[in-house]
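Student: This is the structure, below, for whatever I ask next.
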Amino acid sequence: MRPCAEPGCPVLLRKAGRCQKHRRYSPTYLERDWAEQKRRAAVVAKHRATHGDWCPGWPSTGHAPHACTDLTAAHVVAVANGGGAGPLLVLCRSENSRLRDSDE
């Protein structure tokens, strides 16, 4: 057992990382409830109906708009920062992951 990576947290985990209280990232696909999955799918479907398979990019990271078929819904405000039920935007999977990992 290993302690949570959050300084001062006494929770022990089976593997390295953070406890549920201190997780920094959104839940995995299987951990999301059905309503959230449907909400995300609807945002991506609406984007595709309007713009086609097109990632709008993310200017602050220099990620330019481009054609992409692997689109995902991303939180405007990160879940770790309280954006769990907030508005969503559409990005390609690679940029969504880059934003998640950058803590932006």
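Student: Limited to region 13-54, what total is found for residues that are at pLDDT 85 or above and either of a type in the set (Ser, Thr, Tyr) or in contact with a Ser or Thr (Cβ under 9 Å, 6 or more places away or on another chain) (or both)?
Tutor: Result for region 13-54: 4.
Student: Answer with yes or no whether Ala49 is under 24 Å from Ala35 (Cα atoms), more than 12 Å from the chain's Cα centre (by Cα) and surrounded by fewer than 14 Cβ atoms within 10 Å (Cβ to Cβ).
Tutor: Yes, satisfied.
Student: For region 52-71, give me each residue that is surrounded by 14 or more Cβ atoms within 10 Å (Cβ to Cβ) and either touching a residue at least 60 places away in the same chain (Cβ under 8 Å) or touching an Asp or Glu at 6+ places or on another chain (Cβ under 9 Å) (or both).
Tutor: Cys55, Gly57, Trp58, His63, Cys68, Leu71 - these are the residues of region 52-71 that are surrounded by 14 or more Cβ atoms within 10 Å (Cβ to Cβ) and either touching a residue at least 60 places away in the same chain (Cβ under 8 Å) or touching an Asp or Glu at 6+ places or on another chain (Cβ under 9 Å) (or both).
The values are calculated or read from the model by the stated rules, or taken from the named source; none is laboratory data. Bear in mind the structure is a predicted one, so any value in this text is a computation, not a measurement. Neighbour counts are summed over all protein chains in view; Cβ atoms, including those assigned to glycine, are modelled from backbone coordinates with ideal geometry.
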